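Structure record follows, encoded as structure tokens.
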Amino acid sequence: ELFVKGTEPKEVSETFDKLDPVSGLKADYLAETNSIHVEWGYDEELDVAFEVSVSVNGGPMQLLAVTQDYAIDIEQIESDSEYVIQVVVVDQENSDL
């Protein structure tokens, strides 16, 4: 970016900061417990949590849990249903990210 000499910013703006997404998102159906085991990775060393949401059969996403773990089990699965699972990183210190 260009600035007129003497008018350059003194601080870094957090307005456009974005958190990296999770990596390696994987879900496995466990027939013996009728559940879905979901796990993921996250490379950053920040104070973050993960919002896990689920959509069943094309319905709206519903927040299932907020966790600091890298895995969750979704229990009481409906047979013959399609699940879409979303994991979103949220900053624990700055709720705007």
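Every number in this text was worked out from the coordinates using simple rules, so none of it is lab data. Nothing here was measured: the structure is a model prediction, and the numbers come from that model. Cβ: placed from backbone, ideal geometry, glycine included. Neighbour counts: every protein chain shown.
Per-residue Karplus couplings for the stretch 41-49, computed as 6.51 cos²θ - 1.76 cosθ + 1.60 with θ equal to phi - 60°, are listed in order as x, 8, 8, 6, 9, 10, 7, 10, 10 Hz, Gly and Pro entered as x.
The residues neighbouring residue 59, those whose beta-carbon lies less than 15 Å from its own, together hold a net charge of -3 under the Lys/Arg +1, Asp/Glu -1 convention.
Each residue of the stretch 67-82 was assigned a 3J(HN,Hα) from its phi angle through the Karplus expression (A = 6.51, B = -1.76, C = 1.60, θ = phi - 60°), giving 9, 9, 6, 9, 7, 7, 10, 9, 9, 6, 6, 7, 5, 6, 10, 9 Hz with x at Gly and Pro. Amide hydrogen proximity for residue 42: with H placed 1.01 Å from N in the peptide plane, the residues at 5 or more positions away or on another chain lying under 5 Å are 23. Within the set (i) 67, 27, 20; (ii) 37, 26, 23; (iii) 48, 35, 21, the number that Cα extents along the principal axes in Å takes when calculated for this structure is listed as (i).
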